[in-house]
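Heads up, the thing below is written out as structure tokens.
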């Protein structure tokens with residue numbers, strides 16, 4: 001296997017982008033990545049696109065070909081990858097495997113979701129198709145509902161509080177203020193989160209990530225060719241993916257995502273590092289409780305102490321292990337298929353030292369963690385500065 | 001939902017028919033077609049579960065799933081049945097503030113929703129607190 005490097009990244013503004021189409025968004029992200037990599041589009045060999053549900057959101061399937069066409073990249077192979085909210089992370093993994101195998105040299109991993117061309121109720125219904133339609137959604141489960149079940153059980157087993165969950169939203173909104181592409185440039189307080197309207201208690205509106213339009217793109221190359229394009233190539237040293245039951249009730253634990261622990265184990269092993277070596281991480285905070293469980297499952301703190309370490313500021317920029325410096329899904333926004341790629345963009349910018357006011361000093365090793373559904377899929381990547 | 005898609009699941013939704021593996025004796029709900037423990041040597045057969053269990057976790061839904069708007073606020077729960085498997089269900093006929101982890105529930109037959117004004121009615125199971 002060959003070592004793989006990221007040579008270019010690009011991302012659109014995240015938000016309710018009513019004046020921009022699906023096609024325009026992906027081309028904007030792609031053009032920025034190509035410009036960043038200083039590569040000619042003609043050199044690109046293949047593309048993977050993470051996209052959860054264009055069929056439901058814009059009534060358009062077959063988006064692999066659509067994007068290759070409108071990006072002027074035909075006839076290169078272009079494949080759409082779907083794993084609910086982990087679609088972007090899975091597209092990245094497919095691109096990494098393709099470059100590592102030697103089949104192709106210069107491979108695009110893109111992610112996109114256009115979510116605001118439908119009413120929010122339709123978007124919620126589309127997202128719920130990532131849960132078990134016959135045995136969860138049929139009885140009235142929603143996505144916030146499933147994560148609320150995890151939250152209630154986490155509170156019961158470990159004494160986690162609603163205030164501690166709110167602190168995740170406070171921190172991620174704060175970080176998002178320093179990220180030009182974030183959906184929200186708006187700080188929130190613990191009180192504002194606690195007093196926001198109930199969605200599925202114990203989760204309130206400000207515990208939930210928003211509905212977002214956005215696209216992101218990274219360009220990968222074999223490490224030995226990366227320096228021709230970029231003075232600071234960022235290596236992807238580990239990739240891991242795991243599956244679990246699609247329905248939450250079929251899993252032995254409600255307070256840990258086994259797909260995350262398994263994917264992390266594989267990624268750490270491949271990269272030859274452990275949780276203590278990671279300088280910063282982007283984790284899948286689709287709900288505030290999800291960040292607390294993620295930092296436990298990734299090994300950044302003991303099981304059950306996610307709330308405590310968040311309260312003590314260990315996950316803030318300047319803390320022991322900064323989490324979601326981009327603002328995360330909560331503050332930056334969560335265009336589901338784009339999220340896994342957007343996480344990679346943030347880690348690359350941080351490791352290059354290009355993250356501006358949200359820069360983590362001396363960051364050398366970063367991690368990205370992307371989850372599909374309530375934990376049926378998880379994918380973890382480890383990144384390292386290539387010098 | 002297409003009528004056949006609903007109709008296929010009636011035994012499980014009306015009568016809690018799951019699966020039991022004749023090889024490892026594990027009971028599963030919803031029913032499965034392969035025993036994940038025994039795989040090829042598994043021998044799955046239909047098994048009627050006892051409609052009793054305990055609340056493992058619960059959440060109070062204020063923003064409903066599509067089709068459940070007239071039921072808010074409703075309690076969504078994961079219940080562990082006495083036979084072992086867990087299922088996701090609503091807890092019905094109660095004040096949402098009453099429900100606690102560990103509460104005993106009985107699984108009862110209830111109307112779940114309807115396909116518009118002229119379409120089919122959906123039925124299934126909900127949990128009901130067993131008062132001591």
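Taken as Cα centroids, region A:122-186 and region A:71-110 sit 28 Å apart, rounded to the nearest whole angstrom. Stretching residue A:225 away from residue A:190 to a fully extended chain increases their span by 7.8 nm, per 0.36 nm per residue minus the current alpha-carbon distance. Could you give the semi-axes, largest first, of the ellipsoid that matches region B:51-129, computed as the square roots of 5 times the alpha carbon gyration tensor eigenvalues and rounded to whole Å? Value: 23, 15, 9 Å, ordered largest first. Taking other Cβ atoms within 10 Å as a rough exposure proxy, B:74, A:48 sort from fewest to most as B:74, A:48. Peptide A:145-156 has a mean shielding of 5, counted as Cβ atoms of other protein chains within 10 Å of each residue's Cβ.
Across peptide B:62-74, the average count of Cβ atoms from other chains found within 10 Å of a residue's Cβ is 6. Highest mean first, the peptides A:56-64, A:319-327 sorted by other C-beta atoms within 10 Å per residue fall in the order A:319-327, A:56-64. For residue A:103 and residue B:5, FRET efficiency with R0 = 41 Å and r from the beta-carbon atoms, rounded to 0.05? About 0.55, to the nearest 0.05.
Peptide A:159-171 has a mean of 0 when you count, residue by residue, the C-beta atoms of other protein chains within 10 Å of its C-beta.
Exposure proxy for A:17, A:220, A:73: other Cβ atoms within 10 Å of each Cβ, ordered fewest to most, give A:73, A:17, A:220.
Dividing the summed -39500 (n - 2.57) terms of all DSSP H runs of n ≥ 4 by the residue count of chain B sets its mean residue ellipticity at 222 nm at -2000 deg cm²/dmol. Computed over chain A, the range of Cα coordinates on each principal axis works out to 55, 44, 37 Å, biggest value leading. Take the Cβ-Cβ distance between residue B:104 and residue A:16 as r, set R0 to 35 Å, and report the resulting FRET efficiency rounded to the nearest 0.05. Approximately 0.15, to the nearest 0.05. Set the Förster radius R0 to 41 Å, insert the Cβ-Cβ distance between residue B:14 and residue A:2 as r into 1/(1 + (r/R0)^6), and round the FRET efficiency to 0.05. The calculated FRET efficiency here is 0.15.
Look at the Cα gyration tensor of region A:102-211: its axes a ≥ b ≥ c give a/c of at least 1.5 with a/b at or below b/c, and that counts as oblate.
Rounded to the nearest 500, the 222 nm mean residue ellipticity of chain A from helices alone is -11000 deg cm²/dmol, with -39,500 (n - 2.57) taken per DSSP H run of at least 4 residues. log10 I(q)/I(0), Debye, Cα-only region A:174-262, no solvent, q = 0.17, 0.25 Å⁻¹? Summing over Cα pairs of region A:174-262 leads to -1.09, -1.15. The alpha-carbon positions of region A:243-346 define a convex hull whose volume is 111 Å³ per residue. Given their separation in residues at 0.36 nm each and the Cα-Cα distance between them, residue B:66 and residue B:50 gain 2.8 nm when the chain is fully extended.
For chain A, averaging the sequence separation of C-alpha pairs within contact (under 8 Å, six or more residues apart) and dividing by the residue count gives a relative contact order of 26 percent. What the Kirkwood sum gives for region B:39-81 is a hydrodynamic radius of 13.4 Å, with every pair of different alpha carbons counted.
Anisotropy class assigned to chain B is oblate, per the alpha carbon gyration tensor with a/c at or over the 1.5 cut-off and a/b no larger than b/c. For residue A:62 and residue A:253, the difference between the fully extended length at 0.36 nm per residue and the C-alpha to C-alpha distance is 65.1 nm. Over 18 Å apart: what share of the alpha carbon pairs of region A:57-130 falls there, rounded to a whole percent? In whole percent, the long-distance tail amounts to 48. Taking the fewest neighbouring Cβ atoms within 10 Å as the starting point, the ordered list for A:303, A:330, A:171, B:131 is B:131, A:303, A:171, A:330.
No value in this document is a laboratory result; all are computed from the given coordinates. Computed from a predicted model, the values in this text were never measured in an experiment. Methodologically, a virtual Cβ is constructed for each residue, glycine included, from the backbone with ideal geometry; neighbour enumeration extends over all protein chains shown.
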